[in-house]
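S.K.: Shown below is the structure under consideration.
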Amino acid sequence: MSIPEIQPQQALDRQRRSAVLIDVREAHERVLGMAEGALGIAMGELIAAAAEHLPDTTVEVLLICQSGVRSLRTAEALRAQGFANVASVAGGTQRWIAESLPMVKPLGGIDADDIDADDIDADFAERYSRHLRLPQVGLEGQRKLESARVLMVGAGGLGSPAAYYLAAAGVGILRIADDDVVDRSNLQRQILHTDARIGTAKVDSAAIALSALNPRTRIEAIAERVSSANVEDLLDGVDIVIDGADNFPARYLLNDACVKLGKPLVYGAVHRFEGQASVFDAGRRRGEAPCYRCLFPEPPPPEAAPNCAEAGVLGVLPGVIGLIQATEAIKLILGIGDPLIGRLLQFDALSMRFRETRLQVDPDCAICASGKAFPGYVDYAVFCAGE
Ligand SMILES: [Zn+2]
């Protein structure tokens with residue numbers, strides 16, 4: 001005998017009389033709201049301990065999930081365990097919502113163990129619903145994002161997409177450092193800024209754009225250029241540093257400070273049609289992960305470096321690289337996936353190809369070799385005003 005499928009309205013009526021309605025989705029799915037009157041017990045848990053949850057095998061059990069597939073499978077499993085009176089809600093919670101039946105939002109029926117009701121609200125549940133549905137993020141991951149502090153150096157071509165997506169993703173505190181003001185020539189790629197904000201400090205323009213996108217993210221706008229004098233203050237209290245300045249003086253200062261203070265550095269650079277990205281984590285993993293100086297111990301002489309203003313850059317290119325940086329930052333915060341540590345990812349927009357190079361640790365690196373005293377910061381001459 002096949003499992004009966006009933007309509008959401010029937011399920012609501014029967015539940016109100018005497019039937020037990022159970023939402024068999026996972027806790028991170030139920031956080032977005034459940035059919036009114038439903039108990040939340042995830043499929044696996046219910047099947048494994050059915051007798052515990054439902055001591056009376058004659059009770060009428062109605063199961064609901066997201067779209068009606070899992071509830072049907074769960075019903076079959078319960079039937080096999082001797083529950084004779086089991087039905088599945090056709091179309092699941094999706095149809096329940098489509099038919100405007102009452103929902104309990106956002107937390108009704110969620111196990112107290114799964115959620116601390118104090119630090120989640122309807123805005124959180126709705127805004128991050130697509131994260132909450134990912135088991136690899138979920139509530140725990142979203143809370144990690146919300147308690148993360150990220151330093152974004154540069155509110156330009158790389159910083160624009162990176163900061164936009166980090167704010168959208170729910171990073172709690174974004175500290176943005178940039179001493180520049182918005183210029184018309186920036187707008188071809190620096191999408192945080194607008195024509196109306198030409199002449200405004202970039203950090204202020206960024207704060208306006210990011211707060212409009214996600215008011216939950218706190219923006220710390222610091223209108224300063226990174227230097228040996230302020231680099232440690234800028235890094236103070238942050239979990240991750242993103243280099244969006246794309247110039248040699250900032251790159252070496254951030255590298256050296258991140259090694260010294262033990263913070264991961266998400267690196268990105270662009271030039272004409274090509275870009276590259278990596279994650280340097282030598283400060284926390286001495287001898288295992290390289291730093292930027294392991295690759296390039298010193299910057300090139302000014303006369304050998306490309307003149308960025310003259311070289312130009314395809315406007316979309318920093319968008320691609322900045323988003324790779326944001327992706328790496330989010331992965332590091334969540335502790336998921338394989339970060340770009342020890343790998344240099346190179347991107348060629350014209351051929352639309354990515355190439356990956358293994359990076360070696362330099363055992364004699366002046367900055368990250370174990371046992372070496374920190375040699376102090378160097379302010380290299382500014383010979384490229386940044387992308
Ligand atoms: Zn090194």
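S.K.: Under 5 Å between amide H atoms, partner at least 5 residues away or on a different chain: which partners does Val181 have, H built in plane at 1.01 Å?
M.R.: Sorted by chain and number, the residues that satisfy this are Lys202.
S.K.: With N set to the residue count of the chain, report its C-alpha Rg divided by 2.2 N^0.38 Å to two decimal places.
M.R.: This ratio for the chain stands at 1.25.
S.K.: Moving on to the next point. Calculate one ³J(HN,Hα) per residue across the stretch 341-356 by plugging θ = phi - 60° into the Karplus curve 6.51 cos²θ - 1.76 cosθ + 1.60, and present them in order as whole Hz with x for glycine and proline.
M.R.: 6, x, 9, 10, 9, 10, 10, 10, 5, 5, 8, 6, 10, 9, 10, 10
S.K.: Also, I was wondering about something else. Under 1.5 on a/c is rounded, so check that first for the stretch 147-358, then, if it is not, pick prolate when a/b is larger than b/c and oblate when it is not; a ≥ b ≥ c are the square roots of the alpha carbon gyration tensor eigenvalues.
M.R.: rounded
S.K.: More than 20 Å apart: what percent of Cα pairs in the stretch 5-115 qualify?
M.R.: Working: 1868 of 6105 pairs.
Summing the P(r) of the stretch 5-115 above 20 Å gives 31 percent of all pairs.
S.K.: Also: Probe 1.4 Å, all protein chains in place: accessible area of Phe354 in Å², nearest 10?
M.R.: Ignoring ligands and nucleic acids, Phe354 comes out at about 120 Å².
S.K.: Quote the FRET efficiency, to the nearest 0.05, computed for Ser100 versus Ala366 with a Förster distance R0 of 51 Å and r equal to the Cβ-Cβ distance.
M.R.: Once rounded, the FRET efficiency stands at 0.15.
S.K.: Hey, another quick one. Could you state the accessible area per residue of the stretch 5-115 in Å², with a 1.4 Å probe and every protein chain left in place?
M.R.: Value returned for the stretch 5-115: 44 Å² of accessible area per residue.
S.K.: DSSP H helices in the chain with Cα extent of 18 Å or more along the helix axis and mean Kyte-Doolittle hydropathy at least -1.0?
M.R.: Membrane-span-like by this rule: 248-261, 317-334.
S.K.: Can I ask one more? Would you please state the base-10 log of I(q)/I(0) at q = 0.11, 0.16, 0.21 1/Å for the stretch 248-359, with intensities from the Debye formula using one equal scatterer on every alpha carbon?
M.R.: With one equal scatterer per Cα and no solvent, log10 I(q)/I(0) is -0.36, -0.78, -1.26.
S.K.: Over the alpha-carbon set of the stretch 1-57, divide Rg by the Kirkwood Rh and report the Rg/Rh ratio to two decimals. The partial results should precede the final answer.
M.R.: Values: Rg = 12.1 Å, Rh = 12.5 Å.
We get a ratio of 0.97 for the stretch 1-57.
S.K.: Write out the trypsin sites (Lys or Arg not before Pro) in the stretch 266-341 meeting two conditions: DSSP loop, and at most 14 other Cβ atoms within 10 Å of their Cβ.
M.R.: For trypsin sites (Lys or Arg not before Pro) across the stretch 266-341 that sit outside H, G, I, E and B with at most 14 neighbouring Cβ atoms in 10 Å, the list reads Arg284.
S.K.: About the Cα centre of the chain, how large is the charge dipole given +1 on each Lys and Arg Cβ and -1 on each Asp and Glu Cβ? Please answer in debye to the nearest 20.
M.R.: Working: 38 positive and 52 negative charges, 142 e Å.
Dipole size: approximately 680 debye.
S.K.: Rounded to the nearest 20 Debye, what is the dipole magnitude of the stretch 147-358 about its Cα centre when Lys and Arg each give +1 and Asp and Glu each give -1 at the C-beta?
M.R.: Working: 22 positive and 25 negative charges, 118 e Å.
Using only the charged Cβ atoms, the result is roughly 560 debye.
S.K.: With a 1.4 Å probe and all protein chains left in place, how much accessible area per residue does the stretch 147-358 have, in Å²?
M.R.: Using a 1.4 Å probe on heavy atoms only, each residue of the stretch 147-358 averages 40 Å².
S.K.: With 21 Å as the limit, write out which pairs from Lys263/Lys372; Lys202/Lys263; Lys260/Lys372 have Cα-Cα distances beyond it, or answer none.
M.R.: On the way: Lys263/Lys372 18 Å; Lys202/Lys263 25 Å; Lys260/Lys372 11 Å.
Violating the 21 Å Cα-Cα cut-off are Lys202/Lys263.
S.K.: Right, something else. Rounded to the nearest percent, how much of the accessible area of the chain (1.4 Å probe, protein heavy atoms only) is carbon and sulfur?
M.R.: Ligands and nucleic acids excluded, carbon and sulfur give 51 percent.
The values are calculated or read from the model by the stated rules, or taken from the named source; none is laboratory data. Remember, predicted model here, so these are calculated numbers, not experimental data. Note: ideal-geometry Cβ built from the backbone for every residue, glycine included; neighbour counts use all protein chains shown. The area values use the complete protein model at the heavy-atom level, side chains included, leaving out ligands, DNA and RNA. Shrake-Rupley method; radii C 1.70, N 1.55, O 1.52, S 1.80 Å.
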